[in-house]
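Working notes, beginning with the structure itself.
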Amino acid sequence: MPGRAGAGLVVIDVQPGLLKAYPPRRARRVVESAAGALDLLAPLGLPTLILELDPDRLGPTHGRVLGAAPGARVVAKARYDATADPESFQALEDLDRPWLVLLGVETHVCVLQTAVGLLGRGRTVAFLDDAVFSRTPRDQRVGRELLVRAGAVPLTTEVLLFALLGGRDHPAFSQVLPRLKARVSRPDDGEAPIDPGGPYDGEG
């Protein structure tokens, strides 16, 4: 498990051109889950990298997600596996943390291939099981199974949060607590779908 200050976050391809292919409620869930994870973890000050697949065609990262990670570095990539693209690979290396924790889309494509690439280079990799998504439940399930078989550790946002906090004595605990209470009390009604906008080019 990652300990205090031991993790970097990698947000993968939460872009309108990819979300366009999702059912509206699922697209909303992608955005809210990714942004919610980033918001909850923000007081810990984890280094965060936002990756964007071909943003000229697929658009920039959704504004709700960008807004939840104002200090994050944003890097474009041309390959599904971010370790196969020199600029994004260097950005991953620059995170310089023992654990790299992935979230975003799609579980069975860019998340999976990036995780495998990192694991093949000897990195310790986890993914947020409540903040990685595919367009279909089947691809989601298979992608998750392949991630685990490859050696990536499944976490949830709260598992990661409390592992990093370690206890109430963490200096960020007082900032985390109200965010956690708001998260617990917020209903997940599945309504008010977002309009991701932009073209869809069948990648992610």
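Kindly provide the set of residues from segment 104-125 that are assigned to a helix (DSSP H, G or I), surrounded by 20 or more Cβ atoms within 10 Å (Cβ to Cβ) and of a type in the set (Val, Ile, Thr), ordered by number.
THR107, VAL109, VAL111, THR114
Kindly provide the set of residues from segment 1-18 that are under 19 Å from GLN113 (Cα atoms) and either crowded, with 22+ Cβ neighbours inside 10 Å or touching a His at 6+ places or on another chain (Cβ under 6 Å) (or both), ordered by number.
Matches in segment 1-18: LEU9, VAL10, VAL11, ILE12, ASP13, VAL14, GLN15, LEU18.
Suppose the filter is in a helix (DSSP H, G or I) and either out of contact with any Asp or Glu (no Cβ under 6 Å at 6 or more places or on another chain) or modelled with pLDDT of 95 or more (or both); does THR83 pass it?
When the stated conditions are applied, THR83 passes them.
Scan segment 1-48 residue by residue and report those that are touching an Asp or Glu at 6+ places or on another chain (Cβ under 8 Å) and assigned to a strand (DSSP E or B).
GLY8, the sole residue that qualifies.
Kindly provide the set of residues from segment 126-150 that are in a helix (DSSP H, G or I) and either surrounded by 14 or more Cβ atoms within 10 Å (Cβ to Cβ) or not basic (Lys, Arg) (or both), ordered by number.
Of everything in segment 126-150, those that are in a helix (DSSP H, G or I) and either surrounded by 14 or more Cβ atoms within 10 Å (Cβ to Cβ) or not basic (Lys, Arg) (or both) turn out to be PRO137, ASP139, GLN140, VAL142, GLY143, ARG144, GLU145, LEU146, LEU147, VAL148, ALA150.
The rows are residues; the columns are (1) within 17 Å of the chain's Cα centre (by Cα); (2) crowded, with 22+ Cβ neighbours inside 10 Å; (3) at pLDDT below 95; (4) over 28 Å from PRO98 (Cα atoms).
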{"site": "PRO23", "(1), (2), (3), (4)": "no, no, yes, yes"}
{"site": "SER33", "(1), (2), (3), (4)": "yes, no, no, no"}
{"site": "ASP39", "(1), (2), (3), (4)": "yes, no, no, no"}
{"site": "LEU44", "(1), (2), (3), (4)": "yes, no, yes, no"}
{"site": "PRO47", "(1), (2), (3), (4)": "yes, no, no, no"}
{"site": "LEU51", "(1), (2), (3), (4)": "yes, yes, no, no"}
{"site": "ARG57", "(1), (2), (3), (4)": "no, no, no, yes"}
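Any residue in segment 86-99 that is touching a Cys at 6+ places or on another chain (Cβ under 8 Å), within 15 Å of ASP13 (Cα to Cα) and surrounded by 21 or more Cβ atoms within 10 Å (Cβ to Cβ)?
In the first step, residues of segment 86-99 are kept if they are touching a Cys at 6+ places or on another chain (Cβ under 8 Å); the result is none.
No: segment 86-99 contains no residue that is touching a Cys at 6+ places or on another chain (Cβ under 8 Å), within 15 Å of ASP13 (Cα to Cα) and surrounded by 21 or more Cβ atoms within 10 Å (Cβ to Cβ).
For segment 37-50, state whether one or more residues are touching a residue at least 60 places away in the same chain (Cβ under 8 Å) and within 13 Å of PHE133 (Cβ to Cβ).
The answer is yes, given that some residue of segment 37-50 is touching a residue at least 60 places away in the same chain (Cβ under 8 Å) and within 13 Å of PHE133 (Cβ to Cβ).
With respect to PRO70, is the statement that it is assigned to a loop (DSSP other than H, G, I, E, B) and out of contact with any strand residue (DSSP E or B) (no Cβ under 9 Å at 6 or more places or on another chain) true?
Details: assigned to a loop (DSSP other than H, G, I, E, B): yes; out of contact with any strand residue (DSSP E or B) (no Cβ under 9 Å at 6 or more places or on another chain): yes.
Yes.
Tell me, which residue of segment 176-204 that is over 30 Å from ARG57 (Cα atoms) and outside any helix (DSSP H, G or I) is modelled with the highest pLDDT?
It comes out as ARG186.
Between a residue in segment 130-159 that is closer than 19 Å to ARG28 by Cβ and any residue that is of a type in the set (Lys, Arg) and in a helix (DSSP H, G or I), which pairs come within a Cβ distance under 9 Å, given they are 6 or more apart or on different chains?
Qualifying pairs under 9 Å: VAL132/ARG144; PHE133/ARG26; PHE133/ARG29; SER134/ARG141; SER134/ARG144; ARG135/ARG26; THR157/ARG183.
Within segment 164-175, is even one residue in contact with a helix residue (DSSP H, G or I) (Cβ under 7 Å, 6 or more places away or on another chain), surrounded by 13 or more Cβ atoms within 10 Å (Cβ to Cβ), under 29 Å from TYR22 (Cα atoms) and at pLDDT below 95?
no
Kindly list, by first and then second residue, each pair from a residue in segment 62-73 that is surrounded by 19 or more Cβ atoms within 10 Å (Cβ to Cβ) and modelled with pLDDT of 95 or more to a residue that is among the acidic types (Asp, Glu) and assigned to a helix (DSSP H, G or I), limited to pairs with Cβ atoms under 6 Å and residues at least 6 apart or on different chains.
Here the result reads ALA68/ASP39, each pair linking segment 62-73 to a residue that is among the acidic types (Asp, Glu) and assigned to a helix (DSSP H, G or I).
The values are calculated or read from the model by the stated rules, or taken from the named source; none is laboratory data. Only a predicted model underlies this, so the values are computations on that prediction, with no experimental measurement involved. Cβ sites come from the backbone with ideal geometry, for glycine too, and all protein chains shown count toward neighbours.
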